[in-house]
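Here is the structure we will look at, set down as structure tokens.
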Amino acid sequence: MTAAAPLAPPARAGGSLFASVTAVTGRNLRKIQRTPQIVIMATVQSIAFLLIFRYVFGGAIPTGGLSYVDYMVPGLLTVALLFSGMGAAVAVADDLTHGVFDRLRSLPIPRSAVVIARVLADTALITWCLILTTAVAFAIGFRIHGGAGDALAAFGLCVLFGFAFIWVFVTLGLYAGNAQAAQGLGFLVLPLSFASSAYVPVATMPGWLQGFAAHQPVTVMINTIRCLTQGSQAEALLGHSTGYYLLRALLWSAGIIAVFAPLAFARYRRR
């Protein structure tokens, strides 16, 4: 009788995408929790900019009928998301340098789960910073002149916009060779934050800059948040309705994710 061939060992079952994303996101959040300076620095930086523009520059910048604090806070909150999110590029590059991604790649989980988990963890971080910065904004005089639903929509849009740009920063971190290079690449968003309506009306800028400043994604998002929080006063100042800006803000967010998410996945698979 012919001896039966030995059975091959059963293949190790891989985790589902949802379970894998949940587990790796938890790992990233625990790392952030055990490194409190990450949260502290991101929050302090946002609050410092808020206080500087409120009390140092606020009295010198005309805003066409809106009080400067009500004009400035939607811009500062949006820009703060970019500055807080820049840490994602550094964190990704640091994980690559220390072999964390190599260890995760060796596990039986979908590769996309590692990238998605990184994005979700950093989105949670910027959301926490946004909550704290918003609380300080109310303490220094910011007020909402629209409805409660509009205010919640504004907060949700801020989180969505931050989520979109986290994909940008994660992609930059994957392409950077180390944490220092990733930090440098992250500062490429600075022109978007300063050449926007965050601090001053676009109409006060040189004519050659106004076209770019008025239509780039940061300005569109800021103007949407202004209209949602300040109501008809902001619409009259900006010259368009809330719906006009809201549609463009959603399109920009979707476009950024559609471009940079595939880039991040492709780069991670090639590392």
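Read the figures in this text as sums done on the coordinates, not as results from a lab. Keep in mind the model is a prediction, meaning the values are calculated, not measured. All Cβ positions, even for glycine, are placed from backbone atoms using ideal geometry, and neighbour counts span all protein chains on display.
Key figures for this structure:
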item: Span-like helix ranges in the chain, DSSP H, alpha carbon extent 18 angstrom or more, Kyte mean at least -1.0; result: 17-33, 36-52, 68-97, 111-139, 148-175, 217-230, 242-270
item: The chain: C-alpha gyration tensor shape, a/c 1.5 cut-off, then a/b vs b/c; result: prolate
item: Cα gyration tensor shape for the stretch 53-179, rounded if a/c is under 1.5, else prolate or oblate; result: prolate
item: Expected 222 nm ellipticity per residue - DSSP helices of 4 or more, -39500 (n - 2.57), all of the chain, to 500; result: -24500 deg cm²/dmol
item: Cα centre as origin, Lys/Arg/Asp/Glu Cβ charges: the chain dipole, Debye; result: 900
item: Inter-label distance for Ala151 and Ala181, nm, one decimal - labels placed 7 Å from Cα along Cα-to-Cβ; result: 4.6
item: Whether the stretch 151-220 is rounded, prolate or oblate, judged on the alpha carbon gyration tensor where a/c under 1.5 counts as rounded; result: oblate
item: The chain: most fluctuating residue of Ala60, Ala89, Ala48 per GNM, C-alpha cutoff 10 Å; result: Ala60
item: Extension gain (nm, one decimal) between Val136 and Arg34, 0.36 nm per residue minus Cα-Cα; result: 34.3 nm
item: Cα→Cβ-extended label distance, 7 Å offset, between Ala60 and Ser106, nm; result: 5.7
item: Between the stretch 244-265 and the stretch 84-146, the alpha-carbon center distance in angstrom; result: 17
item: Environment charge at Gly99 (Cβ cut-off 13 Å; Lys +1, Arg +1, Asp -1, Glu -1); result: 0
